[in-house]
Amino acid sequence: MKTEALFDLTGKVAVVTGGGDGIGKGCCEILAAAGASVVVSDLTIEKAQATVDEIVKAGGNAAATVCNVLKEEDLYALIDFAVKIYGTVNILVNNAGLGGGGRENPYKIDRAYVERIYAINVFAPWELCKLAAPYMQKSGYGSIINISSMSSINNDPNMAIYGSSKAALNHLASNLAFDYGPMGIRINNVGPGATGTRALASVLTPEIEAKMLAHTPLKRLGEVSDIAGAVLYFAAPISAWVSGQVLMVNGGGVQTLD
Ligand SMILES: NC(=O)c1ccc[n+]([C@@H]2O[C@H](COP(=O)([O-])OP(=O)(O)OC[C@H]3O[C@@H](n4cnc5c(N)ncnc54)[C@H](O)[C@@H]3O)[C@@H](O)[C@H]2O)c1
């Protein structure tokens with residue numbers, strides 16, 4: 001097989017949550033560049049459409065829809081939209097996520113906060129897996145990629161809820177790999193280290209960045225394209241015998257906040 005074919009997603013349909021910005025947008029763009037038809041979803045149609053416009057301008061194929069992953073009806077509508085527009089779902093990127101940044105003082109957060117973080121980081125990915133898997137099985141090609149975090153393995157103050165939700169996401173994938181493998185579906189997680197997005201900018205101070213870089217052998221923070229590259233690897237035929245794994249993409253280091 002030629003190298004190009006190992007990364008070729010021509011004829012495949014990809015669904016991405018939170019595709020209007022940051023890592024999700026980078027995933028949409030790289031999957032479209034590899035030939036996939038991409039369903040870009042986000043909280044507003046304007047955000048999703050902006051990513052679609054860039055993909056189409058670059059010669060790719062994409063369609064925009066609204067999906068707030070905190071709303072169960074939106075999850076159903078997202079998969080229905082993909083099937084209606086492109087006929088099936090082959091690749092699912094559970095990217096939309098919230099929390100972290102060292103803002104979770106255990107005495108200040110309440111149960112509603114914890115439920116919200118688990119709803120977006122664990123329940124929504126679980127439910128989208130469940131909704132998409134039958135189409136993947138029927139189509140004969142299925143790859144699910146969840147965007148986890150270095151926080152799933154780090155230990156930091158004020159990060160217990162975000163960190164544990166992402167750890168749950170890792171375990172969800174490694175266990176579902178056993179359920180989905182016989183259906184011809186792979187499921188893997190990508191765990192970004194600190195990556196230059198709007199979400200990171202909201203918590204990054206020069207002091208925090210200096211601490212992170214001190215623990216980062218490659219001496220820079222991540223870029224969206226670093227994470228998107230790992231997502232492409234898991235989405236594409238090159239990783240045909242890889243499932244249940246978590247790949248940390250983190251400049252080789254630890255990048256704790258502390
Ligand atoms: N940036 C980092 O340093 C970093 C590190 C580790 C993990 N992550 C993970 O990467 C993922 C993406 O993070 P990012 O930094 O690109 O964030 P971002 O804030 O730059 O982009 C997130 C996108 O998701 C959308 N979104 C937010 N809530 C949503 C919801 N309820 N339903 C659907 N979409 C929603 C936003 O509108 C936005 O377009 C998250 O799961 C995050 O936990 C990011």
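Arranged by the count of other C-beta atoms within 10 angstrom, fewest first, what order do VAL16, VAL38, VAL246, VAL93 take?
Numbers: VAL16 35, VAL38 32, VAL246 19, VAL93 29.
Ascending Cβ contact count within 10 Å gives the list VAL246, VAL93, VAL38, VAL16.
Taking DSSP loops as anything outside H, G, I, E and B, show the longest stretch in the chain free of chymotrypsin sites (Phe, Trp or Tyr not before Pro) there with at most 13 other beta carbons within 10 Å. Don't skip to the answer; put the middle values down first.
On the way: sites that count: TYR107, TRP241.
Between the exposed loop sites, the longest stretch runs 108-240.
Could you size up the charge dipole of the chain around its Cα centre, putting +1 on the beta carbon of Lys and Arg and -1 on that of Asp and Glu, and report it in debye to the nearest 20?
280
For segment 1-74, what is the charge dipole size about the Cα centre, in debye to the nearest 20, if Lys and Arg each add +1 at the Cβ and Asp and Glu each add -1 at the Cβ? Don't skip to the end; give the middle numbers.
On the way: 6 positive and 11 negative charges, 47 e Å.
That gives segment 1-74 a dipole magnitude of about 220 debye.
Measure up LYS25/LYS108; LYS71/LYS219; LYS2/LYS25; LYS12/LYS71; LYS108/LYS219; LYS71/LYS138 against 30 Å on the Cα-Cα distance and list the ones that go over. Show your work: numbers first, answer last.
Details: LYS25/LYS108 32 Å; LYS71/LYS219 39 Å; LYS2/LYS25 28 Å; LYS12/LYS71 26 Å; LYS108/LYS219 34 Å; LYS71/LYS138 26 Å.
Flagged as over cut-off: LYS25/LYS108; LYS71/LYS219; LYS108/LYS219.
What size of dipole, in debye to the nearest 20, comes out for segment 68-135 about its Cα centre when the only charges are +1 on Lys and Arg C-beta atoms and -1 on Asp and Glu C-beta atoms?
Values: 7 positive and 8 negative charges, 34 e Å.
Result for segment 68-135 is approximately 160 debye, rounded to the nearest 20.
I'd like to know which of LEU78, ILE120, GLY102 lies farthest towards the positive end of the charge dipole of segment 1-122, counting +1 on Cβ of Lys and Arg and -1 on Cβ of Asp and Glu.
So the residue furthest toward the plus end is GLY102.
Can you put ARG111, ARG103 in order, fewest other beta carbons within 10 Å first? Provide the component values of the computation, followed by the final result.
On the way: ARG111 7, ARG103 15.
The most exposed by this proxy come first: ARG111, ARG103.
Under 18 Å between alpha carbons, and skipping anything fewer than 8 positions from LYS47 in its own chain: which aspartates and glutamates qualify?
ASP21, GLU29, ASP74
Read the figures in this text as sums done on the coordinates, not as results from a lab. Note that the coordinates shown come from a computational prediction; the quantities given were computed from them, not determined experimentally. Glycine gets a Cβ as well: all are built from the backbone with ideal geometry, and neighbour counts include every protein chain shown.
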